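The values are calculated or read from the model by the stated rules, or taken from the named source; none is laboratory data. Source: prediction; values computed, not measured. Quick reminder, even Gly has a Cβ in these numbers, built from the backbone with ideal geometry, and neighbours come from all protein chains shown.
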Amino acid sequence: MNRVARHSKVLRVAAPFAVAVIVLVAWQALVTINRIPPYLVPSPLLVARTLHADRVLLLHSLAVTLGIALTALALATLLGVAMALLFVQSRWIEMSLFPYAILLQVTPIVSIAPLIIIWVHDTRAALVLCAVVVAIFPIISNTTLGLRSVDRGLLDLFRLARATRWQTLWRLRVPSALPYFFGGLRIASGLALIGAVVAEFVAGTGGQGAGLAYQILLAGIQLNIPRLFAALVLIAAAGVVLFAATVAVSRLSLSRWHESELTPR
Amino acid sequence: MSASHATNAASAAPVAALRGVAKTYDNGTRALAAIDLDVRRGEFLTLVGPSGCGKSTLLHLLAGLTEPSAGRIAWWDDEAFAATGGRGRRIAFVFQAPTLMPWATVAKNVRLPLDLAGMPRAAADAAVASALARVGLATAARHLPRELSGGMQMRASIARALVTEPDLLLMDEPFGALDEFTRQRLDSELLSLWTAQRFTVVFVTHSIQEAVFLSTRVAVMAAHPGRLLDTWPVEEPFPRGDAFRLSPAFAAYAQRLSTSVAQASADALPDSDLR
């Protein structure tokens, strides 16, 4: 049993790694053998070389995009949690405002982004705002659900002890909501990055404020496909790191008590 | 000391007096038809009856968690209660499930009622330690609920109820989910706590054996609508041990209660099929 468990742990890392090696080797082989020009499909080795050669430019752009995504994620978390706390204060507030949260969610960001960019003078602020609009919904809806999903018995217990509204919120509702909140945060981390990239595409900001999306746009126009691929690799990596970070935070805060993060013994 | 307490108890006013108390829920379910019942100070009253007889509703009414649709409940301290702005009445509730906060240690769970009441830290710590010792959980104070067995979780739940030194302890089938062996052991432990302190208990159970073993008085209830059929005392001295469980007197009480509950189950009002 223990051996099987360790076996599956190794497999979980080894299997996807093997897939990556096979795909990369096949890709390299196909491009080399068929002499596919780099402006159509660059080989993995060429992408790696470009990544190294353009590292100053690309890492600067990565920092810009990541900065926007992280700022947006932080703001979405703050505002989303505040909205959820407001919603659980009364059914009336929730009924009046929740439809607008949904409206915000279902309207594609590409269609709102141009307006935001026109209205908000500071470009960086506009980009952050776009990403917040995309990322906030899962935080609001999950946290609201969590704040409401409280054990009935515990609620009775708090009533019996004549707990104040504040005590019930802080000692019961907030801890009960944490697993739900982290679920929302996990989704929002990916959405914040997507929002940042989409907004950059629409804004097309170059110069010092150029993010990875702008590099992709520009590389596409210049047919610098290796650089386009290199930028893509960086965006994907950034997304994975962001996701892994939220998973780690969730595990750190819940592993002691919540089923979702318990390691099987 | 407990003897003088008991004599006082006989003369004292009831802990809760129900007069014509009925409960109909918003969806029209008649959970409880008019009930008259005194909960006497220091007694161990057990409510027995078929499902749907309103046992749990009655417990929630006694706790003040539910408002009666008709009738009136007078608690022992109604005047003092008003004078102290509601701080005076101490009622504890033990649910069917342990109902512990999964994120907090056993000690923090037990402390909860004291924290909510704003008791100073040192006094609360002492009360928690004493409550944990009484239920045999002193060594588990720093564990999380999920690290404990079902029986130990239930003990933590009982410690949380006892920590406030309640005047009235309400228990809603607290050991119903446990295996028979654990249930009997917890019954014995609960009874020795009660024998030592003589707090007032209203206990709901489905088990005839449990009712006879624990109670000073049994109340038999019937369903559709929930109502009180009969109450009668179990006149067996304390402490009660395993010898009582095996005695002819126990068998006789169990027989009587069993017959009574069987009647209660059969004795539904004519409109029951419509509900």
For the stretch A:236-259, state whether one or more residues are assigned by TED's automatic domain parsing to the domain that holds A:ALA72, more than 30 Å from A:SER8 (Cβ to Cβ), part of a helix (DSSP H, G or I) and out of contact with any His (no Cβ under 8 Å at 6 or more places or on another chain).
no
Condition (residue is in contact with a Lys or Arg (Cβ under 9 Å, 6 or more places away or on another chain), in a loop (DSSP other than H, G, I, E, B) and modelled with pLDDT of 90 or more) applied to the stretch B:176-196: is it met by at least one residue?
no
Look at A:VAL41 and say whether it is under 30 Å from A:GLY211 (Cβ atoms), β-branched (Val, Ile, Thr) and touching a Phe, Trp or Tyr at 6+ places or on another chain (Cβ under 7 Å).
no
Can you pull out the residues in the stretch B:123-163 that are buried (at least 21 other Cβ atoms within 10 Å of the Cβ), part of a loop (DSSP other than H, G, I, E, B) and within 14 Å of chain A (Cβ to nearest Cβ)?
B:VAL163
1 or more residues among the small types (Gly, Ala, Ser) and closer than 30 Å to A:TYR180 by Cα: qualifying helices (runs of 4 or more DSSP H) within the stretch A:29-132:
A:55-87, A:91-106, A:109-119
Residues being within 13 Å of chain B (Cβ to nearest Cβ) and either closer than 13 Å to B:ASP115 by Cα or of a type in the set (A, V, I, L, M) (or both) - total across the stretch A:141-165:
10
Residue check, A:LEU193 among the aliphatic types (A, V, I, L, M), at pLDDT 90 or above, surrounded by fewer than 23 Cβ atoms within 10 Å (Cβ to Cβ) and in contact with a Gly (Cβ under 8 Å, 6 or more places away or on another chain):
no
Tell me, please, whether a residue that is free of Cβ contacts under 8 Å to residues at least 12 places away in the same chain and within 27 Å of A:THR123 (Cα to Cα) can be found in the stretch A:204-217.
yes
Kindly establish whether B:LEU114 is crowded, with 20+ Cβ neighbours inside 10 Å, within 12 Å of another protein chain (Cβ to nearest Cβ), over 15 Å from the mean Cα position of the chain (by Cα) and aliphatic (A, V, I, L, M).
yes
